[in-house]
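The values are calculated or read from the model by the stated rules, or taken from the named source; none is laboratory data. All figures in this text were calculated on a predicted structure; none of them were measured in a lab. Glycine also receives a Cβ, built like all others from the backbone with ideal geometry; neighbour counts cover every protein chain displayed. Only protein heavy atoms, including side chains, enter the accessible area calculation; ligands, DNA and RNA are left aside. Shrake-Rupley method; radii C 1.70, N 1.55, O 1.52, S 1.80 Å.
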Amino acid sequence: AQSVTQLGSHVSVSEGALVLLRCNYSSSVPPYLFWYVQYPNQGLQLLLKYTTGATLVKGINGFEAEFKKSETSFHLTKPSAHMSDAAEYFCAVSDLGSNTGKLIFGQGTTLQVKP
Amino acid sequence: EAQVTQNPRYLITVTGKKLTVTCSQNMNHEYMSWYRQDPGLGLRQIYYSMNVEVTDKGDVPEGYKVSRKEKRNFPLILESPSPNQTSLYFCASRGGQFTYEQYFGPGTRLTVT
């Protein structure tokens, strides 16, 4: 069965600092991986995804993530945090082993950006 | 604009009073799902539908019903809501069997007292 673990339920960075949100997955098949962002009182917006091909994927708003099979990780990074990046971030893996079509989500990481 | 819409966005109700949360997508997607989001648990799938008249249980289906009479609509029904169904609910859709990117609605915050 697939699963996702996000390390750290809260991460706080200063504006302009590096953002690193950690995600590890467990999957018996090559995974399809996603990062979603949820701004307050809004739905989930896709930041980026990895399906096949290049392991470094770039997303919206300057975010990127690298798929590392050997480490079963898909960490999200951004070189310089903006105040507008404050939100909750979810890592997810697609449940490829069934017909449910579901995404299996991590617990979420709340990013706080301090001025 | 391609989107998933949900109504209502906020709902406060009492135990046992039947309610329906509507979901509609305008992308002609085959797959639709309902998730609930609870603090510290992320999102968990309640029900999903692979196409019209084809629905099945997700991970937490107890206390919920769904129907898929039209491709664009996928309502979530709580026949007898209970306080443990207080949560934030999201509808999502994706194109088909081999497309894995999901599009989410804005969410419905439900409180059952």
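Just to check your reading of the model, which residue among B:T99, B:T86, B:T20 is in contact with a strand residue (DSSP E or B) (Cβ under 7 Å, 6 or more places away or on another chain), open to solvent by 10 Å² or more (accessible area, probe 1.4 Å), of a type in the set (V, I, T) and more than 29 Å from A:S9 (Cα to Cα)?
B:T20
Which of the residues belonging to the range B:79-98 are of a type outside the set (D, E, K, R) and in a loop (DSSP other than H, G, I, E, B)?
Matches in the range B:79-98: B:S80, B:P81, B:S82, B:T86, B:G95, B:G96, B:Q97, B:F98.
Determine which member of the set A:T55, A:T51 is modelled with pLDDT under 95, over 27 Å from B:R109 (Cβ atoms) and away from every other protein chain (no Cβ under 13 Å).
Answer to the selection: A:T55.
Which condition breaks for A:V11 when tested against (1) under 19 Å from B:G42 (Cβ atoms); (2) touching a Pro at 6+ places or on another chain (Cβ under 9 Å); (3) open to solvent by less than 40 Å² (accessible area, probe 1.4 Å)?
So A:V11 meets the others, but not (2).
Select from the range B:102-113 the residues that are of a type outside the set (V, I, T) and assigned to a strand (DSSP E or B) and list them in ascending order.
The answer is B:Y103, B:F104, B:R109, B:L110.
Taking the condition of being open to solvent by less than 50 Å² (accessible area, probe 1.4 Å) and either within 11 Å of chain A (Cβ to nearest Cβ) or touching a Phe, Trp or Tyr at 6+ places or on another chain (Cβ under 6 Å) (or both), how many residues in the range B:27-59 meet it?
17
Would you confirm whether or not the range B:75-98 contains a residue that is within 29 Å of A:T110 (Cα to Cα) and among the acidic types (D, E)?
no
Which of the strands (runs of 3 or more DSSP E) contained wholly in the range A:25-79 include at least 3 residues that are in contact with a Ser or Thr (Cβ under 9 Å, 6 or more places away or on another chain) and surrounded by 15 or more Cβ atoms within 10 Å (Cβ to Cβ)?
Qualifying strands (runs of 3 or more DSSP E): A:64-68.
Residue under question is A:V93, and the condition is that it be part of a strand (DSSP E or B), surrounded by 20 or more Cβ atoms within 10 Å (Cβ to Cβ) and in contact with a strand residue (DSSP E or B) (Cβ under 7 Å, 6 or more places away or on another chain); does it hold?
The answer is yes for A:V93.
Conditions tested, residue by residue: (1) within 14 Å of the chain's Cα centre (by Cα); (2) in contact (Cβ under 8 Å) with a residue 60 or more places away in the chain; (3) assigned to a loop (DSSP other than H, G, I, E, B).
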position	(1), (2), (3)
B:L43	yes, no, no
B:M50	yes, no, no
B:T55	yes, no, no
B:R68	yes, no, yes
B:Y100	no, no, yes
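Restricting to the range A:14-24, and then to whatever is open to solvent by 30 Å² or more (accessible area, probe 1.4 Å) and part of a strand (DSSP E or B), can you tell me which residue is farthest from A:K114 (Cα to Cα)?
Out of the qualifying residues, it is A:N24.
Write out, first by first residue and then by second, each pair whose Cβ atoms fall under 8 Å of each other, whose residues are 6+ apart or on separate chains, and whose first residue, in the range A:84-96, is more than 10 Å from every other protein chain (Cβ to nearest Cβ) while the second is part of a loop (DSSP other than H, G, I, E, B) and at pLDDT 90 or above.
Once the first residue is more than 10 Å from every other protein chain (Cβ to nearest Cβ) and sits in the range A:84-96, its partners that are part of a loop (DSSP other than H, G, I, E, B) and at pLDDT 90 or above give A:A87/A:Y39; A:Y89/A:G108.
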